[in-house]
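Any read-out appearing in this document is the output of simple, stated calculations on the displayed coordinates, not a laboratory observation. Worth saying up front: this structure is predicted, and the values here are computed from it rather than measured. Please note: Cβ atoms are built from the backbone with ideal geometry, for glycine as well, and neighbour counts cover all protein chains shown.
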Amino acid sequence: MKTKILLAGMCLSLAACESMDLVPKSQGNTESWYTSETELRMAANDFYILGYWQEPLSSSEQWSDNTTYRQTNRNPGSGGTVLDGTMNGQQYEVYALWQQSFKLIARANTMLENIHKAKGVVTEEVYNRYAGEAYFCRACKYAELVFFYGDVPYQDETITISEALQRGRKPKAEVLPLVYADFDKAIAGLPESYGKEENIHPTKGAP
């Protein structure tokens with residue numbers, strides 16, 4: 001009897017050692033995604049969420065001479081932040097632009113790291129088009145970041161949060177050539193035009 005119990009215990013312990021880190025087959029995930037034109041299109045469409053492009057720059061227009069609300073953030077003593085010199089990382093426009101830009105950069109990096117899975121499945125034209133969109137979006141966001149912040153952390157691959165915290169800023173002069181290189185890669189892969197239903201996507205000459 002003791003022998004049977006011992007054997008049963010050993011079987012359970014062996015079964016418990018099986019890895020539970022399984023790739024879900026019923027939903028999209030990084031391990032199994034980016035393997036068809038439909039998946040590439042869905043991933044690329046996610047690049048154009050308005051929050052990545054429209055905000056927060058639209059609200060920063062109130063800092064300029066183009067708005068009727070100049071008193072809010074420009075005049076000294078008005079409780080604003082620009083001419084008062086009180087702007088810091090707690091200001092919405094400051095942290096949101098940083099946050100949203102790096103979110104899109106992370107999505108573009110994920111696409112570029114995984115798009116090789118679609119090789120041989122999609123045409124070369126489709127492959128180059130979606131890689132081009134990822135390069136274009138990454139270049140746009142880094143161009144904005146260095147314009148507003150100067151030196152910034154540069155990442156062209158997926159990294160962990162711990163790794164990100166250890167990464168310092170790269171000088172603007174070193175980031176700019178990488179931005180231009182990404183734009184060149186985008187131009188090489190993007191088509192000259194699309195159908196009307198794809199007018200949000202960048203092209204070779206009219207992004």
Honestly region 111-182 on the Cα gyration tensor test (a ≥ b ≥ c root eigenvalues; a/c under 1.5 rounded, otherwise a/b vs b/c for prolate or oblate) is just oblate
Region 101-204: relative contact order from alpha carbon pairs under 8 Å, six or more residues apart, as a whole percent, is 33 percent
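Do any of Lys170/Lys204; Lys117/Lys172; Lys170/Lys196; Lys103/Lys170 go past 30 Å between their Cα atoms, and which?
On the way: Lys170/Lys204 28 Å; Lys117/Lys172 33 Å; Lys170/Lys196 39 Å; Lys103/Lys170 18 Å.
Beyond 30 Å: Lys117/Lys172; Lys170/Lys196.
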Largest-first semi-axes in Å of the equivalent ellipsoid built from the Cα gyration tensor of region 144-186 are 19, 14, 8
Counting only backbone N atoms under 20 Å from a point 7 Å out along Cα-to-Cβ of Thr35, the residues of region 122-139 in range are 122-124, 126-128, 130-131
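Could you line up Asp151, Asp182 from fewest to most neighbouring Cβ atoms inside 10 Å? Walk me through the intermediate numbers first.
Values: Asp151 15, Asp182 24.
Going from least to most buried by this count: Asp151, Asp182.
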For region 110-149, using Cα atoms only, the Rg and Dmax in Å read 12.8, 41
Subtracting the Cα-Cα distance of Ile49 and Phe148 from 0.36 nm times their residue separation yields 33.5 nm
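Order by neighbour count: Ser36, Ser162, fewest other Cβ atoms within 10 Å first, most last. Spell out each step's value before the answer.
Values: Ser36 14, Ser162 8.
Final ranking by Cβ density, sparse to dense: Ser162, Ser36.
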Assertion target for Ser193, Ser32, ordered by fewest C-beta neighbours within 10 angstrom first, is Ser193, Ser32
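Calculate the FRET efficiency for Lys119 and Asp184 from the Cβ-Cβ distance with a Förster distance of 25 Å, rounded to the nearest 0.05. Display every interim value, and only then the final one.
Working: r = 21 Å, r/R0 = 0.85.
Computed FRET efficiency for Lys119 and Asp184 comes out at 0.70.
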